[in-house]
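Working notes for the structure below.
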Amino acid sequence: MNSYFEEVQALLTIVGEQEKQSINESVKHISKAVMSDGIIHLFGSGHSHILTEEVFYRAGGLAAIRPIFVEDLMLFKGASRSSQLERRNDLSEKFMHDEDIRPGDVCIVISSSGVNPVPIDVATIAKEKGAFVIGLTSPEYAKSCSSRHKQKHYLHDVVDLVIDNHIAKGDTLLKSNNIPFGSGSTVVGAVLLNMVFTQVIQTIIESGETPPVFLSSNIEGADEHNQKIIAKYKTRIPQL
């Protein structure tokens, strides 16, 4: 058995056992938001941005999801550049000012280390706008590093609820010849987000309502179904 696979399995077991309460609390707030026509915003920079796309406009996925895309913080505009920009205090104010985040919405901010100013300030500003803010982060990782935030905050300090991905310092699962390697944050983060959103969908179904779920565009009738959902959310989710 591949050792990476085994480490991922072990980590997912820990997350599944220890994050039940946080996941259930997240499901409660997100379900309420969706059933009240609210939006679920997601933000991440660098590789954390990948997780915002993982659950956006996804076949079998919740439609009320809006990623906050900031191109300068994505890898394709310069990988090392995105890392440097994430460390800038007050940068978030420039792009968050016009973000359509409203009371009753939920915002999920993703950063395993939780030490850089940009995601910390995104969470703070989203909260100021009235959203319930969830941090997908690792307090253990954060406590092993110094905060780069001007007020020495960590992401887990400023959010309303933490989902702990249990990623260790350095975001690696393996080590050989004193070389750490094998990132775990993306695979664990993807599982966590899908766990939350599938439970949200199930909760809405059990409440007697029809959840806004996209169908695969490759099955019969999907285009008509999806266009109705897009028409509902297009104003608040222009990326659709």
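Side notes on the structure shown:
- Here residue 237 passes the criteria (1) open to solvent by 70 Å² or more (accessible area, probe 1.4 Å); (2) assigned to a loop (DSSP other than H, G, I, E, B) except the one numbered (1).
- Residue match in the range 79-88 (condition: in contact with a strand residue (DSSP E or B) (Cβ under 6 Å, 6 or more places away or on another chain) and of a type in the set (A, V, I, L, M)): no
- With respect to being of a type in the set (Lys, Arg), more than 21 Å from residue 119 (Cβ to Cβ) and not in a helix (DSSP H, G or I), residue 58 fits the description.
- If you filter the range 14-38 down to residues that are over 13 Å from residue 200 (Cβ atoms) and among the aliphatic types (A, V, I, L, M), you find that the one that is most open to solvent (accessible area, probe 1.4 Å) is 14.
- Any hit, the range 180-202, residues being free of Cβ contacts under 8 Å to residues at least 12 places away in the same chain and more than 18 Å from residue 32 (Cα to Cα): yes
- Scanning the range 60-80 for residues that are basic (Lys, Arg), within 30 Å of residue 31 (Cβ to Cβ) and surrounded by fewer than 21 Cβ atoms within 10 Å (Cβ to Cβ) turns up nothing.
Conditions tested, residue by residue: (1) modelled with pLDDT under 95; (2) in contact with a His (Cβ under 8 Å, 6 or more places away or on another chain); (3) under 29 Å from residue 15 (Cα atoms).
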residue: 175; (1), (2), (3): yes, no, yes
residue: 198; (1), (2), (3): no, no, yes
residue: 204; (1), (2), (3): no, no, yes
residue: 209; (1), (2), (3): no, no, no
residue: 226; (1), (2), (3): no, no, no
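- Filtering the range 180-196 for residues that are aromatic (Phe, Trp, Tyr) and surrounded by 15 or more Cβ atoms within 10 Å (Cβ to Cβ) leaves an empty set.
- Of all residues in the range 212-240, those that are without any contact (Cβ under 8 Å) to a residue 12 or more places away in the chain and at positive phi have Cβ atoms under 8 Å from Cβ atoms of residues that are surrounded by 11 or more Cβ atoms within 10 Å (Cβ to Cβ) and part of a loop (DSSP other than H, G, I, E, B), 6 or more apart or on another chain, in 221/215.
The values are calculated or read from the model by the stated rules, or taken from the named source; none is laboratory data. Predicted model only: the values in this text are computed from it and were never measured. Methodologically, a virtual Cβ is constructed for each residue, glycine included, from the backbone with ideal geometry; neighbour enumeration extends over all protein chains shown. These accessible areas exclude ligands, DNA and RNA; they are computed on the full protein's heavy atoms, side chains included. Shrake-Rupley method; radii C 1.70, N 1.55, O 1.52, S 1.80 Å.
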